[in-house]
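Asker: I'd like to ask you about the structure that follows.
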Amino acid sequence: MSDKKTKPAKKGLLGWILYFAGSKKGQYMVSVFFALLSVVCCIAPYFIIARIVQQLLAGVRDWKLFLQECGITALFWLGNVLFHAISTSMSHVATFNLLGNIRKSMCDKLTRLPLGTVLDMPSGSLKNIMIERIDSMETTLAHIVPEYTSNIILSIVLVVYLFVLDWRLALACMATLPIGFVAMCFMFKDGPARFKYALDKTKALNDTAVEYINGIEVIKAFGKSKSSYERFVVAAKEGSACYVEWMRDCIWPHAVATVVTPSLLFSLLPIGGFMFLKGTIDASLFITVIVLAVSAIQPFLIAFTYHDDIAKAGAIFGEVGSIMTLDELERPAVDVKKPFDNSIVLKDVHFSYHKGIEGEDRKEILHGISMTLPQGSYTAFVGPSGSGKSTIARLIASLWDVDSGSVEIGGVNIKDLSLQEYNSRVAYVSQDNFLFDMSVRENIRLGRQNATDAEVEEIARKAGCYDFIMSLENGFDTIVGGSGAHLSGGERQRIAIARAMMKDAPIVILDEATAYTDPENEAIIQKSVAQLVKGKTLIVIAHRLSTVKDADRLYVIKDGVIDSCGTHDELLAQDGLYKKMWTAHIESKDE
């Protein structure tokens, strides 16, 4: 069994609609049925009009009959309004459900992707797809499914009926269609490529805007506002220019298609009139065909107006599909077997970061890492920047999958554990911990959703952050801002540690947990960390060697391999890389 929920295969527009519609598929079908009734009610009065004209030509002067038929026409008009309202309301409900399913599926998908894959996606593009682009499909999907389908079906039925009445007059009706078809071909020429180009330019604009906003502090600090803003201006101009150029190229073909295509009477009247004068058709048939020709073009034109929307929806579903079909972390839905303890073993681990969603340009970062971390032990990873320390920690935290080798917990490969089970065993605190734009209390409660307010406040006391929280404007109910922007780096770190303490996981990974703290607060954090890790398997990544010298075992990582390992005293005695790092650390502290 797989936790991937059966990764969907690539699909077309209709396939994705049915995939995300879920339990609302039937509601879409019913909305199509009512839309078809609505169109029938819209077309039926034309038949009644044709019959009235035929009766008048036949000399019928029964005004009660005509009033009765006018009443029936009014009922059809009311039916058109009623059935259209029912169809539209049902399709909107189904569409809102579908859009919600898309967003929930994408969010769920992101949790099952390797962290590197997610980080490779520009946040501006991802936000644009999940919010603006998906939202822009609401009107299209709410109308395209019932109205496009019903109008196409009715157009085909009416054309077939015209051929049944008289194939010569039916062909006469369609004399203008080849001209309109050629014009449409010019209009839709390179349509998919142009639309993809426009989407790419819009993505670039969004990415530039997000980059500009996120980097505004640096831009102001270095006086680069003008040059940085110029990039946004260029992206905005390119984003608009591609649409303007595309529309300019389509103006004349669009004008010809929309003017010539509906002009069925342009060819029907002279040809049909000639046939009537020759006596090959009678007036009744001629009038009926004229009325049907006028009525047949309406549903066709309505369906035609949805072509751009269909192309747009297809492109957006293509973007959604490119994310939904990405390779996920290899995890079962149910644990294959349970770990016997919380020890950690890495066996010949090789790992490469993937550049880009497709995984090209792989560069191996770890080269055969093997280590054993007993349950309840305190292990530290040290080494130069970029050596692979944090990468090892993230592999243990199951944020990526190894390329080869294995990571085991309690004798069980983590690929044989469900994500839910594994996540319950590991608390991960990084140097860049993210806080959500909600209250301090709710951010801490993320560690355990059912925690009471009293338990949240007690954990804050243990984490040494209760006093500073109470000094905030609204105490525990203070909103921290996007990414915790209203708090300092040290304050965010302490709340992140409180959140990890609330989780009470048996394995704790601290990746530079004191990176943003001053010496005064570092002592407070170290004390709270001591509370957090009692009896747990602890892994610490640190640059300040003095904070980890008491570790049971230190692994010195260099260029993706284990340079040496041992206790602090054993590594100093080896006179290797660790001793050089320690000497440099002590000298910097003395200075």
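The values are calculated or read from the model by the stated rules, or taken from the named source; none is laboratory data. Remember, it's a predicted structure, so these values are computed and weren't measured experimentally. All Cβ positions, even for glycine, are placed from backbone atoms using ideal geometry, and neighbour counts span all protein chains on display. Areas reflect the complete protein model, heavy atoms only, side chains present, ligands, DNA and RNA absent. Shrake-Rupley method; radii C 1.70, N 1.55, O 1.52, S 1.80 Å.
Asker: What shape does segment 533-591 take by its C-alpha gyration tensor, where a ≥ b ≥ c are the square roots of the eigenvalues and a/c under 1.5 counts as rounded, a/b above b/c as prolate, and the rest as oblate?
Answerer: It comes out oblate by the Cα gyration axes.
Asker: Could you give the radius of gyration (one decimal) and Dmax (whole number) of the Cα atoms in the chain, in Å?
Answerer: Expressed in Å, the Cα Rg and Dmax of the chain come to 34.4, 120.
Asker: Another one. Considering the dipole of segment 340-429 built from charges on the beta carbon (Lys and Arg +1, Asp and Glu -1) around the Cα centre, which of Gly376, His350, Tyr422 is farthest to its positive end?
Answerer: After comparing all options, I get Gly376.
Asker: Would you mind checking which residues have amide H under 5 Å from Ser377's amide H? H placed 1.01 Å from N; only 5 or more apart, or other chain.
Answerer: Leu538
Asker: On to the next question. Carbon and sulfur together cover what percent of the accessible area of the chain at a 1.4 Å probe radius?
Answerer: Carbon and sulfur together cover 61 percent of it.
Asker: Given the C-alpha centroids of segment 40-104 and segment 322-340, what is the distance between them in whole angstrom?
Answerer: With segment 40-104 and segment 322-340 each reduced to a Cα centre, they are spaced 53 Å.
Asker: Express in nm, to one decimal, how much length is gained between Lys579 and Gln420 on full extension, taking 0.36 nm for each residue of separation and deducting their alpha carbon distance.
Answerer: Working: separation 159, 0.36 × 159 = 57.24 nm, distance 4.09 nm.
53.1 nm is the gain from fully extending Lys579 to Gln420.
Asker: Segment 469-495 to segment 142-202: how many Å between their Cα centroids?
Answerer: If we compute the Cα centre of each part, the gap is 58 Å.
Asker: Name the residue farthest towards the positive end of the dipole of the chain from the options Gly410, Ser284, Val244, assuming +1 on Cβ of Lys and Arg, -1 on Cβ of Asp and Glu, about the Cα centre.
Answerer: Ser284
Asker: Still on this structure, please answer the following. Largest first, what is the accessible-area ranking of Ser546, Ser385 with a 1.4 Å probe?
Answerer: Reading off the accessible areas and sorting them downward yields Ser385, Ser546.
Asker: Could I ask something else about it? Set the Förster distance to 35 Å, then compute FRET efficiency between Asp200 and Thr567 from the Cβ-Cβ distance, nearest 0.05.
Answerer: Values: r = 55 Å, r/R0 = 1.56.
Approximately 0.05, to the nearest 0.05.
Asker: Still on this structure, please answer the following. Mind putting a number on the dipole of the chain about its Cα centre? Charges go on the C-beta only, +1 for Lys and Arg and -1 for Asp and Glu, and I need it in Debye to the nearest 20.
Answerer: Here the size comes out at about 1620 debye.
Asker: Looking at Leu554, Val118, Ile72, which one has the Cα that reaches farthest to the positive end of the dipole of the chain (charges on Cβ: Lys, Arg +1; Asp, Glu -1)?
Answerer: After comparing all options, I get Ile72.
Asker: Could you compute the FRET efficiency for Glu238 and Val182, with r as their C-beta to C-beta distance and R0 at 45 Å, rounded to 0.05?
Answerer: 0.90
Asker: Which chymotrypsin sites (Phe, Trp or Tyr not before Pro) in segment 378-457 pass both tests, a DSSP loop state and at most 12 other beta-carbon atoms within 10 Å?
Answerer: Sparse-neighbourhood loop chymotrypsin sites (Phe, Trp or Tyr not before Pro): Phe434.
Asker: Could you tell me which of rounded, prolate or oblate describes segment 298-453, using a ≥ b ≥ c as the square roots of the eigenvalues of the alpha-carbon gyration tensor, with rounded for a/c under 1.5 and, failing that, prolate when a/b is larger than b/c and oblate otherwise?
Answerer: Prolate is the answer for segment 298-453, as a/c is 1.5 or above and a/b outweighs b/c.
Asker: Within the set of other residues whose C-beta is less than 14 Å from the C-beta of Ile344, count the net charge using Lys and Arg as +1 and Asp and Glu as -1.
Answerer: +2
Asker: Using the Cα gyration tensor of segment 9-134, with a ≥ b ≥ c the square roots of its eigenvalues, what is the shape: rounded (a/c below 1.5), prolate (a/b larger than b/c) or oblate (neither)? Each step should come with its number before you reach the end.
Answerer: On the way: a/c = 4.62, a/b = 4.24, b/c = 1.09.
Taking the square roots of the gyration eigenvalues as a ≥ b ≥ c, segment 9-134 is prolate.
Asker: Just subtract the alpha-carbon distance of Lys347 and Asp135 from 0.36 nm times their residue separation and send over the number in nm, one decimal.
Answerer: Contour length minus the Cα-Cα distance gives 71.7 nm.
Asker: Here is a follow-up. Where a Cα-Cα gap under 13 Å defines reach, which aspartates and glutamates qualify for Lys534, not counting those fewer than 8 residues away within the same chain?
Answerer: Leaving aside aspartates and glutamates fewer than 8 places away in the same chain, those within reach of Lys534 are Asp504.
Asker: I would also like to ask the following. Run the numbers for Trp252 and Gln68: contour at 0.36 nm per residue of separation, minus the present Cα-Cα distance, in nm.
Answerer: Separation in residues times 0.36 nm, less the Cα-Cα distance, equals 61.6 nm.
Asker: Taking every DSSP beta bridge that has both residues in the chain, what percent is antiparallel when rounded to the nearest 5?
Answerer: Looking only at bridges with both residues in the chain, the antiparallel portion is about 60 percent.
Asker: Still on this model: I want to check the label-to-label distance for Glu230 and Glu364. Put each point 7 Å from Cα in the C-beta direction and report it in nm to one decimal.
Answerer: Placing both labels 7 Å beyond Cα along the Cβ direction yields 4.4 nm.
Asker: How high is the relative contact order of the chain, in percent, with contacts defined as C-alpha pairs under 8 Å that are six or more residues apart?
Answerer: 15 percent
Asker: Roughly how many nanometres apart are two label points built 7 Å out from the Cα toward the Cβ at Thr325 and Ile156?
Answerer: It works out to 2.6 nm between the two label points.
Asker: Might you tell me the accessible area per residue for the chain, computed with a 1.4 Å probe and given in Å²?
Answerer: Here the residues of the chain average 50 Å² of exposed surface.
Asker: Work out the FRET efficiency for Val93 and Asp403 from their Cβ-Cβ distance, taking R0 = 45 Å, and round it to the nearest 0.05.
Answerer: 0.45
Asker: Using the structure shown, select from Lys347/Lys503; Lys363/Lys389; Lys415/Lys558; Lys25/Lys127 the pairs with a Cα to Cα distance greater than 18 angstrom. Provide the component values of the computation, followed by the final result.
Answerer: On the way: Lys347/Lys503 28 Å; Lys363/Lys389 16 Å; Lys415/Lys558 27 Å; Lys25/Lys127 27 Å.
Over 18 Å Cα-Cα: Lys347/Lys503; Lys415/Lys558; Lys25/Lys127.
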